[in-house]
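All remarks here apply to the structure that follows.
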Amino acid sequence: MWNKKWSIAFAVVVVGTLVLSACAQPTPQVIEREVEVTRVVEREGETVIETAIVIEEVEVTAVPTPAPESPVTMHWNLGGEPPQVDPALSTDTTSVLVDEQLFLGLTDFDDETSEVVPELATSWEANEDGSVWTFYLRDDVPWVKHNPATGETAVVTDEEGNPVMVTAHDVENAVKRTLNPETGSDYAYVLYIIEGALDYNSGEETDPETVGVKALDDYTVEFTLRQPAGYFPGIASMWVCRPVYQPVIDEWGARWVEPGYIVTNGPYVLDEWAHEDHMTFVKNPHFYNADSMQIERIYAVMVNAASTAMAMYENNELDNAYPGPPLEEMDRIKEDPVLSEELYIAPDVCTYYYGFTNNKPPFDDPLVRKAFSAAIDRVSLVENVTKGGQLPANTFAPKGIFGNAAGDPSIAPWALDPEMGKEMAQEWLAEAGYPGGEGFPAVTLMHNTSEGHRSIAEAIQAMWRETLGVEVDVTNQEWGVYLETLKSDTPLDQMSHIWRLGWCADYADQNNWLHEVFNCEEGANRLRRNCVDETCTAVEPSEFDELTAQAGQETDPDVRAELYYQAEKILSEEEAAYAPIYYYTQVDLTKPWLNRTYQAIGGEHWDRWTIDWEAKKAATGIK
């Protein structure tokens, strides 16, 4: 027996058997293909094995490859372009929300109780008087770099291929970087509680080693404070303390925060940043808690107009109507059987206020400031304009903050009594030399671009016109530009007389409110209180500044509370340096498929939220 190979062309028709289903099937097609066929034949008395190359026609039905499952995605609205992503330079809630996803803090705040809880640090302790705090870090947090082109997130490695972990040295370097005057951090003042921080940040001391933060080993960092502070673990949660990867900053400078360059350590990584349009975040697969994170991707648009965001929400393009429903829609939302069930209103630890530029005439006169503050009918404003359960404010710190005096009628009672306020406002303006508004100069109120802020400004503008007989021009600026304008080094002629801001708790102590916001020596002092010159290069502290400094040094809670009470009274009444308007509430619309928490202090914890993915896909058409 021998083998013989030969070629022959003939047709073999093969018909596949199909299993029918209830749905329509794709149309079968006939294709040709070459196959090798072996057979045994008798030739001239011999048995021969022949191999032939045969062309056969095959009827096939193409079965499409299933499309990959879409990642579990949340659609969010940031409300605008984040002015910063660099934790040392962030100052606003939008930037801080982004930082919360990308970088870990030493501590965090519980979603329900707002108590300080572990994050990068697993535990901490203080010495006997609370002036030295030691934090013990977890050892399983790597630095990661995401490649937007490939979608891969890789752990950063050293020259020997070992993973580079976040250490106490990174924390020390981050704190010193924030305080370095060359960094230009506008939020560095919150770290002045650390020994040597003020002198280093102000340039009086040039050696960073004089700052009271030190890595004792790879996973232990110690802070030495200039005075005891039981609230320091709350400060340790803040973005200005969060470790950043210095090598990438050294290599790329300001570009280090862009996708493809940025190195992070948080639950999400930055996949895309289309400036002024959207950002995309994806889950960090190397995060220590990644297995419990259900939301894999966040697509965050930057829609400033609340009416547009509301339309997108109602069209199921957004899972949440941040930055809150349009004020003019509140009545409809409350009456709508669906939207009213999706509406969430709860107290918040934030205050809405108008700042007066204290060194710009005519608001350099406390009588004028008192008149403008008293003429605001806060009760009418929250009942007829904001409509979200907000409360009229007569002080700066709201309920929930240690040392607050919110609603105490012994402080600026005219802020809580509209009729008293109108009467006192007219008397004070007349005493200042402008009876009935006669001879009052042109002044400007400025707010960041927002439909809600505009509605509030127009309502208060009308109150000033009716009660004081004065006309106030209203103008607005985009958020990032607005924050730059409010800095105390902006030339006075470019600064508005009145401007709006909100303040939300970084931690639940008055030190974070009265002292860090308004103290003329150690706070932000956007009000330009006690300035010797136009841009506040020098100041002359007054009783208010002495009180907030003393309260920070005091260890007796009762004494501290009394000092803050006195400071609140001076700021709202005697100086009337600003006009507290209302205490915020959280006003949110959230789709029923998004299971979320409502964070009172700090950024939202997207990594702990979940989505009923099947419900969202059914409602939105996502495959």
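The values are calculated or read from the model by the stated rules, or taken from the named source; none is laboratory data. This is a predicted model, so every value here is computed, not measured. Using ideal geometry, Cβ is built from the backbone for each residue, glycine included, and neighbour counts are taken over all protein chains shown. Protein only, heavy atoms only, side chains kept; ligands, DNA and RNA dropped before computing areas. Shrake-Rupley method; radii C 1.70, N 1.55, O 1.52, S 1.80 Å.
What the table below lists for this structure:
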{"item": "Residue-averaged [θ]222 nm for the chain, counting only DSSP H segments that reach four residues, each worth -39500 (n - 2.57)", "result": "-6500 deg cm²/dmol"}
{"item": "Rg/Rh (Cα only; Kirkwood hydrodynamic radius) as it applies to the chain", "result": "1.16"}
{"item": "Anchor Lys591: lysines whose Cα lies under 24 Å away (excluding residues fewer than 8 positions away in-chain)", "result": "Lys283, Lys334, Lys387, Lys616, Lys617, Lys623"}
{"item": "Highest-first arrangement of 100-111, 153-164, where packing means the average Cβ count within 10 Å", "result": "100-111, 153-164"}
{"item": "Inter-part distance where segment 306-334 and segment 232-264 are each reduced to a Cα centre, Å", "result": "33 Å"}
{"item": "Nearest 10 degrees, 0 to 90: helix 543-553 Cα axis against the chain principal axis", "result": "50 degrees"}
{"item": "Per residue accessible area of segment 531-618, 1.4 Å probe, in Å²", "result": "40 Å²"}
{"item": "Gap separating the Cα centres of segment 78-152 and segment 551-570, nearest whole Å", "result": "29 Å"}
{"item": "Qualifying aspartates and glutamates (Cα of each under 14 Å from Cα of Lys422; at least 8 residues distant if same chain)", "result": "Asp377, Glu466"}
{"item": "Accessible area (Å², per residue) of segment 62-133, counting only protein heavy atoms and a probe of 1.4 Å", "result": "40 Å²"}
{"item": "Fraction of the pair-distance distribution of segment 86-146 above 15 Å, Cα-Cα pairs, percent", "result": "64 percent"}
{"item": "Theoretical FRET efficiency, 1/(1+(r/R0)^6), r = Cβ-Cβ of Ser70 and Arg332, R0 45 Å, to 0.05", "result": "0.90"}
{"item": "Reciprocal of mean inverse Cα separation for segment 495-610 (Kirkwood radius, Å)", "result": "16.6 Å"}
{"item": "C-alpha center-to-center spacing [segment 494-511, segment 571-623] in angstrom", "result": "20 Å"}
{"item": "Highest to lowest packing among 366-372, 277-283, scored as the average C-beta count within 10 Å", "result": "366-372, 277-283"}
{"item": "Accessible area expressed per residue, segment 394-438, with surrounding protein chains retained (probe 1.4 Å, Å²)", "result": "44 Å²"}
{"item": "Peptide ranges 463-471, 491-499 listed from the most packed, as the mean C-beta count within 10 angstrom indicates", "result": "463-471, 491-499"}
{"item": "Binned Cα-Cα distance frequencies in segment 210-310 - 10 Å width, integer %", "result": "12, 28, 33, 21, 6, 0"}
{"item": "Acute angle (nearest 10 degrees) that the helix 93-102 long axis makes with the longest principal axis of the chain, alpha-carbon atoms", "result": "40 degrees"}
{"item": "0 to 90° range, to nearest 10: angle between helix 418-431 axis and the chain longest Cα axis", "result": "60 degrees"}
{"item": "Kirkwood hydrodynamic radius (C-alpha pairs) into Stokes-Einstein, segment 263-369, 25 °C and 0.890 mPa s, D in µm²/s", "result": "137 µm²/s"}
{"item": "At 0.692 mPa s and 37 °C, Stokes diffusion of segment 280-336 via Kirkwood alpha-carbon radius, µm² per second", "result": "245 µm²/s"}
{"item": "The chain, accessible surface, carbon-and-sulfur percent (1.4 angstrom probe)", "result": "49 percent"}
